[in-house]
Structure formats: structure tokens, C-alpha cells
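Before any comments, here is the structure.
The values are calculated or read from the model by the stated rules, or taken from the named source; none is laboratory data. Please read all numbers here as calculations on a predicted model, not as lab measurements. All Cβ positions, even for glycine, are placed from backbone atoms using ideal geometry, and neighbour counts span all protein chains on display. Each accessible area value is taken on the protein alone, full model and side chains, heavy atoms only, with ligands, DNA and RNA left out. Shrake-Rupley method; radii C 1.70, N 1.55, O 1.52, S 1.80 Å.
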Amino acid sequence: MVWSPLFMKIHEFQAKDILAGYGLPIPPGHVATTPEEARAAAERIGGTVVVKAQVLVGGRGKAGGVKLAATPDEAAEKAADILGMDIKGITVQRVLVAQAVDIATEIYLGVILDRTSKAITIMASAEGGVEIEEVARETPEKIHRVHVHPLAGYADYQGRQLAFDIGIPKDLSRDFARIVRTLVQALNDNDAELVEINPLVITEDGTIQCIDAKINLDDNALYRHKALAELRDHDEEEPAERAAREAGLSFVKLDGTIGCVVNGAGLAMATMDTIKLSGGSPANFLDIGGGARAESVENALRIILDDENVNAVLFNIFGGITRCDEVARGIVSALPSLSRQVPMVVRLVGTNQEEGREILREAGLVAADSMQAASQEVVRVAASPEASAL
């Protein structure tokens, strides 16, 4: 199963702009959307530059999206090669032209909101320049972690200890610790879930430089950061997730075949687990929220059925604030206008459940009595789409 947390990614150049505002050592760079702009950027920077695809996925280097250029003309040529390139299904529309540095050592440094430890966690590794997931999988002992106390906060000795653990030269340990402190501050100030520099490098002349940056922002906190919300790249956003966000729905696309419409995040997670236990595979996480009206249900159905992999839909509604009759009206009113018809299994329990079930009966749909029965039935009809809905 593919799972995408509810956060907003921003591009490398945007993350660098944010971190540069904190005074971090970041080589100068400029964004270009054409080869001519890349040439002009290289002329302004001078010397050898690196031309980097700006896409919200990893693996740019392996895909050929990161190239060195010794002259402005070569920068234009490299940009022409990269612009329009397909990297993991995303078309490159812009590149970052940045000053190249002579690298002696590459380091990974990241600060995350770690729900397992219930604390901000700082991670560092001497294995920089590669995906940290690969290091964690193959050589987890090379990743050093420290937790920031939720009340006492970050202490400078933690950065110095990390510097010692990963072999930072003594004369650079203060600079390293200062960068660590700054990343923790940036994560807190911007309500980020991740602030990462990979790689953080020690140059041949003995300085520390941040030559890449990544920031993931908490979607739920963007109302406090209007300027950050404007950084969202709609062109690289999953269309279904964009439509759900605009409709006020919490939605994450997965790779299964059973669409889920649920009210409440906890119940949505439990619903997906029950589908898996019944032998099926959920196609999405979708929370229509408390008090959802018929319009929300209609929007949810349209978004789910835009996924051609979905061949059955499960509604699991526990009516507290949400009224079951409103959900039932949403289901019935959406049916004639849907792009395609698939079997639907409905579980309605709670406020106005009898009214809701009556609305469904009049439309030829019957509500299941339990979540287990509903999940078993939706798995059955998903495996045999020609079967009738419950």
C-alpha cells in the first residue's frame, strides 16, 4: 500500500529561500524556466554551476536531472536537456542553477516531527547524498538520533554530540551545532513536519555548505502561514487530492480497488484496516468530516470514481454530528451524475439512521448492520464487480 501523509511539499529552491532567511550557508542560485534564463543565471553566479531539476519527487540525480556546467552556454545546454524531462511521472518545468562547490564530505541532517517518540527528532548520518530511507534499511546503525524535549526544548550540547557521533571535525562542530539549532527553529516557526539538508557538505576549503534542502509543511497549519500556502505547486499535486482539498475533504490516494467514504479520521483508518483484514485493498483514505452535508458526499463519490482502479465503494458512517439521512441523500443524489457505476456497500449507524436507511431502500440500496459485514461484502463485490451492491 502506498501512503502519503497529509503535508504540503515545496521545491528545493523554495526551501532554500526559507532557510537562507535564517542565515544558513547556502550557495547562491537562481530558478530558470528556459535555457536562456539558465544561461543568464550562470553568468550572474560565475564559475561552475549545477543545474538541478525542480520536482517534488526524489531520485533526480539517478534520473539525469542534476548536471554540472562549466560555462553559461553549457548551463543552457544542460537546462535544455533537463527541462521537459519526465521524472517519476512529473514533467520538469523549472531548474535551479546554483553555484557548485568542491565537496570533501557529504552528511545527512534532518529534523522531523516524530510521532513514534512524540517529540521532534534530529537525525544525522555521515552517509549523506543518498536517500535516508536506503541508509535506514541497509545500515540503520549509521543514523544517529536525538530527541528534543517537548518542554525544555533543544539544547546546544545535542548538536555537539551529534557532531562527535558522525565525525565532524572539531573546528567545525560549533558551525554544525548552529545549523542543527536553526533547523529545529525553522521546523517550529513554520509548522513543518520535516526540514532536511541532504547533503550538508564540508568543502575542500573546510567550510560547511547546505547544497540541498527539503521542507514538508503541515497542511493543517497553513492557515497560520498564508505566505507558505502560496508556495503550493498545483501542477505537481495529485489531481484527486487537489479536488478533495478544494472541496474541504481529507483525502489521500492509495493503490487499492475499494473506495472508502468515512466520517472521522480514526474511523477511516479502522475502515481501511477492516478491508485489509477481509482480504481487500482500500483505494483511498477519505474523511468527509463531522457534520458533512449531502454535497460533501457527492463530491467524495466523484473524486473516488475518477480513479479507474476503483470497482466498489464502501460508505462507513457513524452518525453523531453527521446525520445519516444527509449522507443517504448525498449518495442518492450523486448516483445519476456519476461518471460510472460501481457496486456500493453502505453502513449507516447513529443519528437519523432509520431515516437514512429508508432513503437508501427507496433508491434500491440496503444498509449493512455492522462494519465487519460491510467490509466483507464490499470485498466480495469488488472481486466480482458484476455482483449487485448490498
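Output the pairs from LYS9/LYS67; LYS9/LYS52; LYS9/LYS78; LYS78/LYS142 with a Cα-Cα distance over 29 Å in this structure; if there are none, say none. Cα-Cα > 29 Å for LYS78/LYS142; rest within.
Overall, the chain carries a charge dipole of about 620 debye about its Cα centre when +1 sits on the Cβ of Lys and Arg and -1 on the Cβ of Asp and Glu, all other atoms neutral. Here the stretch 293-335 and the stretch 125-163 have alpha carbon centers that stand 44 Å from each other. When the scattering of the chain is computed by the Debye formula from its Cα atoms alone, each counted once and equally, what is log10 I(q)/I(0) at q = 0.06, 0.07, 0.08, 0.14 Å⁻¹? Log10 of I(q)/I(0), two decimals: -0.32, -0.42, -0.54, -1.13. Probing with 1.4 Å while keeping every protein chain in the model, the per residue accessible area of the stretch 6-139 equals 45 Å². Full extension of the segment from ASP17 to ARG137, taken as 0.36 nm per residue of separation minus the current Cα-Cα distance, would add 40.1 nm.
Once the gyration tensor of the Cα atoms in the stretch 238-379 is diagonalised, the equivalent ellipsoid follows with semi-axes of 19, 17, 15 Å, ordered largest first.
Accessible surface of ASP255, taken over heavy atoms with a 1.4 Å probe and every protein chain present, rounds to 80 Å².
What the phi angles of the stretch 226-243 give under the Karplus curve with 6.51, -1.76 and 1.60, with θ = phi - 60°, is a coupling list of 4, 5, 5, 4, 5, 7, 4, 9, 5, 5, 9, 7, 4, x, 5, 5, 5, 4 Hz, glycine and proline written as x. Computed from the Cβ-Cβ distance with R0 of 22 Å, the FRET efficiency linking TYR157 to ASN188 stands at 0.70. ILE90 label point, 7 Å along Cα→Cβ, cut-off 20 Å on backbone N: hits in the stretch 188-215? What the label zone holds, given the 20 Å backbone N cut-off, is 192-200, 211-215.
Residues whose amide H comes within less than 5 Å of that of GLY319, counting only those at least five positions distant or on another chain, are VAL349, GLY350, THR351 (H built at 1.01 Å from N in the peptide plane).
Near ASP205, within a Cβ-to-Cβ distance under 14 Å, what is the net charge of the other residues, with Lys and Arg +1 and Asp and Glu -1? The partial results should precede the final answer.
Working: positive: none; negative: ASP102, ASP171, ASP175, GLU204.
The answer is -4.
Helical content alone sets the calculated 222 nm signal of the chain at -10500 deg cm²/dmol, taking -39,500 (n - 2.57) per DSSP H segment of four or more residues and averaging over every residue.
Karplus-based coupling profile of the stretch 39-50, in residue order and whole Hz: 4, 4, 5, 5, 5, 5, 6, x, x, 6, 10, 10, with θ = phi - 60° in 6.51 cos²θ - 1.76 cosθ + 1.60 and x standing for Gly or Pro.
For the stretch 28-100, the square roots a ≥ b ≥ c of the C-alpha gyration tensor eigenvalues yield an a/c of 1.5 or more together with a/b exceeding b/c, which makes the shape prolate.
Enumerate the amide H contacts of ILE120 below 5 Å, restricted to partners 5 or more residues apart or on another chain; note that Pro and chain-start residues carry no placed amide H. Under 5 Å from the amide H of ILE120: ASP114, VAL148. Dipole magnitude for the stretch 28-100: about 360 debye, using +1 per Lys or Arg Cβ and -1 per Asp or Glu Cβ, origin at the Cα centre. With Cα atoms as the point set, the radius of gyration and Dmax of the stretch 194-279 evaluate to 19.1, 60 Å. Counting protein heavy atoms only, the stretch 238-379 has 49 percent of its accessible area on carbon and sulfur, 1.4 angstrom probe. Descending by average beta-carbon neighbour count within 10 Å, the peptides 36-47, 144-155, 304-315, 354-365 line up as 304-315, 36-47, 354-365, 144-155, the highest first.
Residues whose amide H lies under 5 Å from that of CYS260, counting only those 5 or more places away or on a different chain, are ALA283, ASN284, LEU314; hydrogens are built 1.01 Å from N in the peptide plane.
Whole-Hz Karplus values for the stretch 57-63 come out as 9, x, x, 5, x, 5, 7 Hz, taken residue by residue from phi with 6.51 cos²θ - 1.76 cosθ + 1.60 and θ = phi - 60°; glycine and proline positions read x.
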